[in-house]
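Report on one structure; see the data block that follows.
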Amino acid sequence: MIVTMVDTSKLQKIACESIENASGELHKLSQEIWNHPETCYEEKFAHKYLTDFLKEKGFKVQPDIGDLGTAFRAEYNCDVKGPRVGVICEYDALPEINHACGHNLIAEAGVAAALGIKAAINATSNTLGGLVVLGTPAEEGGGGKIFMINEGCFADIDFCMMVHPTAFNSAAPLVLGCHHLDITYTGHSAHAAAFPWEGINALDAGVACYTSLSMMRQQMKPTWRVHGVFKHGGVKPNIIPEKCVLKYYFRAPNNNELDDLLLKAKGCWEGAAQATGCSVKIQSYNFGKKEEFYCAMKHNKILSNLYQQHAESFGIKFLPNGIAEATLLGSTDMANVSLVTPSIHPAFTINTSAAIHTREFNKAAGSPEAQSYTRIAGKSMAMTSIDVMAKPELMEAVVAEFNQV
Ligand SMILES: [Zn+2]
Ligand SMILES: [Zn+2]
């Protein structure tokens, strides 16, 4: 069926039907990824599955981006002039708890949206605009999207969208900025029984730092988050540990508050060094060419409102206004994308009360009950894209909001 450009509701119906018709393939896609959990930059199975799938659907696939072998860009109808939407697929898992963040469903929802948008493009004789599916690896601490931004992957995208499963529905949840830091103490080894006074104990420095940061929490704002683990704390009880490494995330809702938080934290890690006689080195995770961090998310309100309206048309119940934007989802490198092109990152429920990063959520992300919710999220993204692509005045308003805030 060929329909006119402005007939958005018909295009949206075509998009939703094509997603529903592909429900079997979509379920299989997320099941395959769920059954092969792969962490940060090791997502070879998911990468091959997704790129093969999109090739078969007629997308032009660039199978790697710069040095990132598990990233991809898949284009459809990008030769035409007109708005170009970017749809994100994440697919990395977590160590030990597998798909406890449900990124298999993010890949499924992204592909679902892409199939729907593609059907709508076809229905307009390819005049609606262009579509790019971005395969973004290593969201869990590897900053895949930051590398991809530096490679110019988002430079030709007019607006961008992804969704994230969790235990609540919010079209614009709170997404904090996040610094990922390694705190390394260096002391001096010695025999722990014969010559303990010759040693400088780096593990003690690490413990002092950990407890100081824990005490600091009492004076933190409710939206700040500080959490860390010990990665190295010595090798043998009879050797005074000469090295201790802690990995910490420091999060706050904006850059100024992140600076305030890091200044307070600096007192903790430096104080521990002084108390024990160790030296301390702080290292940011190195995303891309320069030291970067996960920014706070800048949701495009026009896009997130459209997404919510469409999801509500399927009966999805969102958190009330005011609460929805204050409910914390975490941090993501999608926030960095939101600073280079108008973007959304809605949160959607999958019929579980389990929190993300739990073994229970991993189970829920692989359950059949998650499927209808994931398809609705994909449909809502497709319908939002069609609204914006078919109405130049809406595209202009989206860009105007992006430039204003
Ligand atoms: Zn996660
Ligand atoms: Zn996640």
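The values are calculated or read from the model by the stated rules, or taken from the named source; none is laboratory data. Because the structure is a prediction, the values reported are computed rather than measured. Neighbour counts run over all protein chains shown; Cβ positions are idealised from the backbone, glycine included. Note: accessible area is taken over every heavy atom of the protein model, side chains too, but ligands, DNA and RNA are not part of it. Shrake-Rupley method; radii C 1.70, N 1.55, O 1.52, S 1.80 Å.
Only one residue in VAL207, VAL175, VAL163 is touching a Pro at 6+ places or on another chain (Cβ under 7 Å) and either under 22 Å from ALA275 (Cα atoms) or buried (at least 18 other Cβ atoms within 10 Å of the Cβ) (or both), so which one is that?
Working: VAL207 fails: touching a Pro at 6+ places or on another chain (Cβ under 7 Å); VAL175 fails: touching a Pro at 6+ places or on another chain (Cβ under 7 Å).
Matching residue, one of VAL207, VAL175, VAL163: VAL163.
Return only the number of the condition from (1) crowded, with 23+ Cβ neighbours inside 10 Å; (2) in the same structural domain as PRO165 (by TED's automatic domain parsing); (3) not aliphatic (A, V, I, L, M) that ASN321 does not satisfy.
Every condition holds for ASN321 apart from (1).
Go through (1) under 19 Å from the mean Cα position of the chain (by Cα); (2) touching a residue at least 60 places away in the same chain (Cβ under 8 Å) for ASN286 and report which single condition fails.
That leaves (2) as the condition not met.
Please tell me if TYR49 is of a type in the set (Ser, Thr, Tyr) and in a loop (DSSP other than H, G, I, E, B).
Values: of a type in the set (Ser, Thr, Tyr): yes; in a loop (DSSP other than H, G, I, E, B): no.
No.
When you go through THR211, THR124 one by one, which is the residue that is more than 30 Å from LYS266 (Cα to Cα) and either of a type in the set (S, T, N, Q) or within 16 Å of ligand 1 (Cβ to nearest atom) (or both)?
Values: THR211 fails: more than 30 Å from LYS266 (Cα to Cα).
Of the residues listed, the single one that is more than 30 Å from LYS266 (Cα to Cα) and either of a type in the set (S, T, N, Q) or within 16 Å of ligand 1 (Cβ to nearest atom) (or both) is THR124.
Residues are listed down the side, and each one gets a yes or a no for (1) in a loop (DSSP other than H, G, I, E, B); (2) surrounded by 24 or more Cβ atoms within 10 Å (Cβ to Cβ); (3) at pLDDT 95 or above; (4) out of contact with any Lys or Arg (no Cβ under 7 Å at 6 or more places or on another chain):
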position: GLY86; (1), (2), (3), (4): no, yes, yes, yes
position: ASN104; (1), (2), (3), (4): no, yes, yes, yes
position: ALA107; (1), (2), (3), (4): no, yes, yes, yes
position: GLY116; (1), (2), (3), (4): no, yes, yes, no
position: ALA138; (1), (2), (3), (4): yes, yes, yes, yes
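Condition first: open to solvent by 10 Å² or more (accessible area, probe 1.4 Å) and either among the hydroxyl-bearing types (Ser, Thr, Tyr) or farther than 20 Å from LYS379 by Cα (or both). Now tell me which residues in the range 123-136 satisfy that.
SER125, THR127, listed by residue number.
Quick grid of which residues meet (1) in contact (Cβ under 8 Å) with a residue 24 or more places away in the chain; (2) among the polar types (S, T, N, Q):
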| site | (1), (2) |
| --- | --- |
| GLU42 | yes, no |
| PHE45 | no, no |
| TYR49 | no, no |
| GLY69 | yes, no |
| ASN77 | yes, yes |
| ASP92 | yes, no |
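Can you name every residue in the range 334-344 that is of a type outside the set (Ser, Thr, Tyr) and more than 10 Å from ligand 2 (Cβ to nearest atom)? Don't jump to the end; show me each part of the working.
First, pick out the residues of the range 334-344 that are of a type outside the set (Ser, Thr, Tyr): 334-337, 339-340, 342, 344.
Correct list: ALA335, ASN336, VAL337, LEU339, VAL340, PRO342, ILE344.
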